[in-house]
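Accompanying notes for the structure given below.
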Amino acid sequence: MAVEIERKFLVKNDDFKKEEHQKKHIKQGYLNSNKNRTVRVRITENKAFLTIKGKSNKTGTTRFEWEKEIQITEAEELLLLCESTIIEKNRYVIKKGQHFFEVDEFLGENKGLLIAEVELEDENENFEKPNWLSKEVTGIVKYYNSYISKNPFKNWP
């Protein structure tokens, strides 16, 4: 079984852009955003994926993840069937020590929201934290993309 272990953080400012290793545009939607499982369609530059994620463990760091590459034309058709808001964001990949951080700069109705994720081999793995990281939001549902797709950042108090 494929397992994803990651931690999420808010980002203080756009200083991370100075350390950018790679940047890509992402468009994604949810066919199902049930808290026990999500089914996501994503188009990233010239590739598309269908992803199924299971419910997170108690700490919010670990959950089942299955992903399959699909044709872009299929993904575009599936996006038309998705729930609520389609998320668009720019993703910046930044190498820090032995890890890669992915910083999502949300666009459209979620403009202003910056979230960084780091994938780990183990929940207790140590990693070097960049200066631009802020509060940890691992396991806080309102920072999940599936939540953001139904509750855009522009509507948050």
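The values are calculated or read from the model by the stated rules, or taken from the named source; none is laboratory data. Every value quoted in this text rests on a predicted model; they were computed, and no experiment measured them. Don't worry about glycine lacking a Cβ; one is built from the backbone with ideal geometry, like all the others, and counts go over all protein chains shown.
Here are SER56, SER84: which of them is over 20 Å from VAL3 (Cβ atoms), modelled with pLDDT under 95 and either more than 15 Å from the chain's Cα centre (by Cα) or of a type in the set (Ser, Thr, Tyr) (or both)?
Only one candidate qualifies: SER84.
From the list LYS8, LYS27, LYS23, LYS47, which one is closer than 25 Å to LEU133 by Cα, modelled with pLDDT of 95 or more and over 13 Å from the mean Cα position of the chain (by Cα)?
Working: LYS8 fails: over 13 Å from the mean Cα position of the chain (by Cα); LYS27 fails: over 13 Å from the mean Cα position of the chain (by Cα); LYS47 fails: closer than 25 Å to LEU133 by Cα.
Sole residue among the options that is closer than 25 Å to LEU133 by Cα, modelled with pLDDT of 95 or more and over 13 Å from the mean Cα position of the chain (by Cα): LYS23.
Among the residues of the stretch 46-93, how many are closer than 18 Å to LEU31 by Cα and assigned to a loop (DSSP other than H, G, I, E, B)?
9
Taking the stated definitions as given, is GLU125 out of contact with any strand residue (DSSP E or B) (no Cβ under 6 Å at 6 or more places or on another chain), not small (Gly, Ala, Ser) and not in a helix (DSSP H, G or I)? Spell out the reasoning first.
On the way: out of contact with any strand residue (DSSP E or B) (no Cβ under 6 Å at 6 or more places or on another chain): yes; not small (Gly, Ala, Ser): yes; not in a helix (DSSP H, G or I): yes.
Answer is yes for this residue.
Taking the stated definitions as given, is LYS68 under 29 Å from TRP132 (Cα atoms) and of a type outside the set (Asp, Glu)?
Working: under 29 Å from TRP132 (Cα atoms): no; of a type outside the set (Asp, Glu): yes.
Judged against the criteria, LYS68 is not a match.
Answer yes or no as to whether SER33 is modelled with pLDDT under 95, assigned to a strand (DSSP E or B) and among the polar types (S, T, N, Q).
Considered against the rule, which asks whether it is modelled with pLDDT under 95, assigned to a strand (DSSP E or B) and among the polar types (S, T, N, Q), SER33 comes out as yes.
Residues being exposed (fewer than 12 other Cβ atoms within 10 Å of the Cβ) and touching a residue at least 24 places away in the same chain (Cβ under 8 Å): count how many of those fall in the stretch 60-95.
Going through the stretch 60-95 one residue at a time, the tally reaches 1.
Determine which single condition LEU120 fails, assuming it passes every other condition in (1) touching a Ser or Thr at 6+ places or on another chain (Cβ under 8 Å); (2) crowded, with 18+ Cβ neighbours inside 10 Å; (3) within 22 Å of THR59 (Cα to Cα); (4) not small (Gly, Ala, Ser).
For LEU120, the failing item is (2).
Mind listing just one residue for me: the one in the stretch 1-43 that is without any contact (Cβ under 8 Å) to a residue 40 or more places away in the chain and either under 12 Å from GLU102 (Cβ atoms) or basic (Lys, Arg) (or both) and, of those, surrounded by the most Cβ atoms within 10 Å (Cβ to Cβ)? Even if it seems obvious, please write down each step before you answer.
Applying the first criterion (without any contact (Cβ under 8 Å) to a residue 40 or more places away in the chain) to the stretch 1-43 yields 18, 34, 36-37, 39, 42-43.
From what is left, the residues that are either under 12 Å from GLU102 (Cβ atoms) or basic (Lys, Arg) (or both) are 18, 37, 42.
On the way: LYS18: 8, ARG37: 14, ARG42: 20.
Ranking the candidates gives ARG42 first.
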